[in-house]
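Read the structure below first, then the notes.
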Amino acid sequence: MRRGFLNSKKVKAVPLYPEPAEKIPVIPKGLQGEEHYRTDPHDGRRNIKIPYGSSGKENLPEKYKGPQTVYKALHTDLEHETDSTNIVYTTLPEQFIGVPEHSDGHTQCMLMGATKAQIVGSRRYLTQPIPKVASAIVVIKNASEGAGLGMFAERDIKFGERILAERPLLMHPAVYLYTPGAAGVDEYTFEQHMAIMRHETEIGLEFALRRMSDENQAVYKALSNAHKEDGSGPLFGIFRTNALGIDIDELTDTTSAPNVPRIYSIIVKDGSRINHSCTPNVCQKFSMASFSNQIFAIRDIKAGEEILYPYCDPFLPVADRREKLAPYGFTCTCRACSAATPESDKFRQTCKENIARYQRIYDVALGLRQGNDDIRKKVLGPAAAMRDRMMEEGLGGMYEEFVDVTVLLHKAYTKLAVQEEAKGLQRFLKFWALLQGA
Ligand SMILES: [Zn+2]
């Protein structure tokens, strides 16, 4: 959570619950959205989400001779590749000659050399084994209405339970850095660059897959592919259908250089089977400490219920969500989509500014003699109503907005000594704090 109220000096002075050990958003909200792919104001560099579509040679410019990127395979990890201009094929945790495989398995990675150095040098990296998850919590089976496979609860699952913890099969940049005007860039049009990118990504994935065990290759190839009709290469189609985003800067203690992508995608075996809903019942968290992707219940889930996770930013209006989901080849019929109105769209879009407003009123009221009245009337009432509505709309997960409104309410209830209500919010806040340190 980068911009939340928890970062304010006031909260730090009087911590209500343990300080987050790791500054990461539990759900990288908007990771699939535009805000992470915007133009860099300093150098005009654009982070372009790697495009899908035909990866065939017929779209390549005539003068194209082969990959512009230097691809380098590290057969052993005895050398630490830190050249930020090179993409390296590597394995995390690192594999050394004569050393047995890691008991939790390995991830095949295509990384910029600098990103590998950033991960391996991170304070938390690989300080814990992957947490054991009780078996028979979930099962993967056919979902209804042609949705392919899905994940279902095998028994009642409690809010906050860890459902999955698994080492990714693959890690790969999610973005292509495109800098108009940079050396060599203007040789081709933007469209030609994208055609090259699609072509080279498929080749790159073929290479990465060859480094996997036969078993993991088979698992990867069996994942669903929503891009069978648009000419996408088969491996890249699977990649775009199943990738989960992670932000390297949020997960490590350092900041990536401007010419290095910070948004990567991971593919996992079981987690990739979770279908979409804008009203999800689980959240995703990548743990650098155990180099694993983890899934947690964000509400009580009944046995038999499908496990659902949002593939797009649920705070977007319904039309925008539909547009973001179109490449996956389905139309979401969750209750937030089927019952959407212009009013519910507006509610989603104004959550952030409304919380900021309640926070400002609260901060001002703290300095007033009659401040408690203001807190009661102008903060507690509307913020509590907003929090209830967010839960109704399916926005009650681990989103920054929901955490912020809960923290604000908890502070306000505590200030007014409404112990019962404050206590009611603690369960959520404790879970949230726990996740931050996982
Ligand atoms: Zn929906």
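The values are calculated or read from the model by the stated rules, or taken from the named source; none is laboratory data. Just so you know, these numbers come straight off a predicted model, no measurement behind them. When we count neighbours, we look across all protein chains shown, and the Cβ atoms used for this are built from the backbone with ideal geometry, even at glycine. These accessible areas exclude ligands, DNA and RNA; they are computed on the full protein's heavy atoms, side chains included. Shrake-Rupley method; radii C 1.70, N 1.55, O 1.52, S 1.80 Å.
Couple of notes before you dig in:
- The shape of region 336-438 can be summarised by an equivalent ellipsoid whose semi-axes, obtained from the alpha carbon gyration tensor, come to 24, 18, 11 Å from longest to shortest.
- Listed residues His102, His172 arranged by accessible area, highest first, probe 1.4 Å: His102, His172
- Length-normalised contact order of region 294-361 in % [C-alpha pairs under 8 Å, at least 6 apart]: 31 percent
- One decimal place: the segment Lys141-Phe159 gains 4.2 nm when fully extended, by the rule 0.36 nm per residue minus the C-alpha distance.
- Residues of region 120-239: accessible area per residue with a 1.4 Å probe, Å²: 48 Å²
- Over region 166-305 - Rg/Rh using Cα atoms and the Kirkwood inverse-distance radius: 1.00
- For the cross-link pairs Lys63/Lys324; Lys302/Lys430; Lys158/Lys324; Lys116/Lys158, the ones whose C-alpha atoms lie over 29 Å apart are Lys63/Lys324; Lys158/Lys324; Lys116/Lys158.
- Sequence-ordered 3J(HN,Hα) estimates for region 361-367 from the Karplus curve with 6.51, -1.76 and 1.60 and θ = phi - 60° stand at 4, 4, 4, 5, 4, 4, x Hz, glycine and proline given as x.
- Where Arg299, Arg210, Arg167 fall by accessible area, highest first, once all protein chains stay in place (1.4 Å): Arg210, Arg299, Arg167
- When a 1.4 Å probe is rolled over the protein heavy atoms, the share of accessible surface on region 316-438 that falls to carbon and sulfur comes to 53 percent.
- Stretching Lys423 away from Leu368 to a fully extended chain increases their span by 17.2 nm, per 0.36 nm per residue minus the current alpha-carbon distance.
- With the simple model of a label 7 Å out from the Cα in the direction of the Cβ, Ala326 to Thr189 spans 2.1 nm.
- Coupling constants for region 393-407 follow from the phi torsions by the Karplus curve (6.51 cos²θ - 1.76 cosθ + 1.60, θ = phi - 60°), and in residue order they are 7, x, 9, x, x, 9, 6, 3, 4, 6, 4, 4, 5, 5, 4 Hz; glycine and proline get x.
- The distance from the alpha carbon centre of region 354-372 to that of region 183-228 is 51 Å, rounded to a whole number.
- As a calculated quantity, the FRET efficiency between Asn259 and Lys65 at R0 = 35 Å, using C-beta atoms, amounts to about 0.95.
- Surface calculation, 1.4 Å probe, protein heavy atoms: Val99 sits at approximately 80 Å² accessible.
- Estimated FRET transfer efficiency when R0 is 35 angstrom, pair Lys352-Ala218 (beta carbons, to 0.05): 0.20
- With Cα atoms as the point set, region 119-203 shows a radius of gyration and Dmax of 21.2, 58 Å.
- Long-range HN-HN contacts of Leu60 with modeled amide H, under 5 Å: none
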